[in-house]
Amino acid sequence: MTYRERREARAERLRGWADKRDDRAADCFATAEAIAERFPFGQPILVGHHSEGRARRDQDRITSSMRSAIEHSDKADNMRAKADNIERAAANAIYSDDPDAIEALRAKIERLEAERKRITDYNASCRKRKEAGDTSILDDKQRAELLSIARVCAYQLRQYGQFPSYATSNLSGTINTAKKRLAQLNGGS
């Protein structure tokens, strides 16, 4: 069984557990509702009446059933969120035991190098024009990132609105890591 298959199986197990938790929550809600049906809406506890003890116990049962139902429902939501995160990570990850891992790593390296080249070309156009550069060089994601940096933390932009230096250094680090991993998958060549 590959690592991807193990991750997908875990996500499936989490979804199954979440369904069971939802069933328990529905049972708890039904129990609370069945107890509450015995009382007219807004009926106070009759202090000193022979029914006071049972009414207080019923009120406690209703409260504990509702709390249990909410806890089960919250746990089910949490398990589904974990399963979603596992599936999202598995969709974007390149596992070493995947049959197409080498091709996927090569494609990732090419994509990251193209992204780094676009950033360096944009930064060069900023320096050449001595003002904001030609944003047509960038793709939509990079334009949005540049606007976000300018809006939220403009002090990080370099002179003439260039990308911060960490943008290219982070890409270079990711590319080097992917290249080392590719060499490892190729048998250390």
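A few notes on this one:
- Here 81, 69, 90 are screened, and the one residue that is small (Gly, Ala, Ser), in a helix (DSSP H, G or I) and under 30 Å from residue 138 (Cβ atoms) is 90.
- Close Cβ contacts (under 6 Å, 6 or more residues apart or on different chains) running from residues in the stretch 76-92 that are charged (D, E, K, R) to residues that are crowded, with 16+ Cβ neighbours inside 10 Å and at pLDDT 95 or above comprise 80/18; 82/14; 87/11.
- Selection count, the stretch 94-126, where residues are modelled with pLDDT under 90 and either surrounded by fewer than 13 Cβ atoms within 10 Å (Cβ to Cβ) or among the small types (Gly, Ala, Ser) (or both): 7
- Filtered by the rule that a residue be without any contact (Cβ under 8 Å) to a residue 40 or more places away in the chain and among the hydrophobic types (A, V, I, L, M, F, W, C), the stretch 117-145 gives 124, 126, 132, 137, 138, 144.
- Residue in the stretch 146-163 that is touching a residue at least 60 places away in the same chain (Cβ under 8 Å) and within 26 Å of the chain's Cα centre (by Cα) present: no
Here's the yes/no breakdown for (1) farther than 30 Å from residue 1 by Cβ; (2) not charged (D, E, K, R):
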residue	(1), (2)
87	no, no
95	no, yes
103	no, no
115	yes, no
128	yes, no
135	yes, yes
153	yes, yes
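- Total residues in the stretch 48-84 satisfying the condition of being of a type in the set (A, V, I, L, M, F, W, C) and at pLDDT below 95: the figure is 2.
- Tally of residues being more than 25 Å from residue 109 (Cα to Cα) and part of a helix (DSSP H, G or I) across the stretch 150-170: 9
The values are calculated or read from the model by the stated rules, or taken from the named source; none is laboratory data. Note that this is a predicted model, so its numbers are computed, not measured. Every residue, glycine as well, gets a Cβ built from its backbone with ideal geometry; the counts of neighbours run over all protein chains shown.
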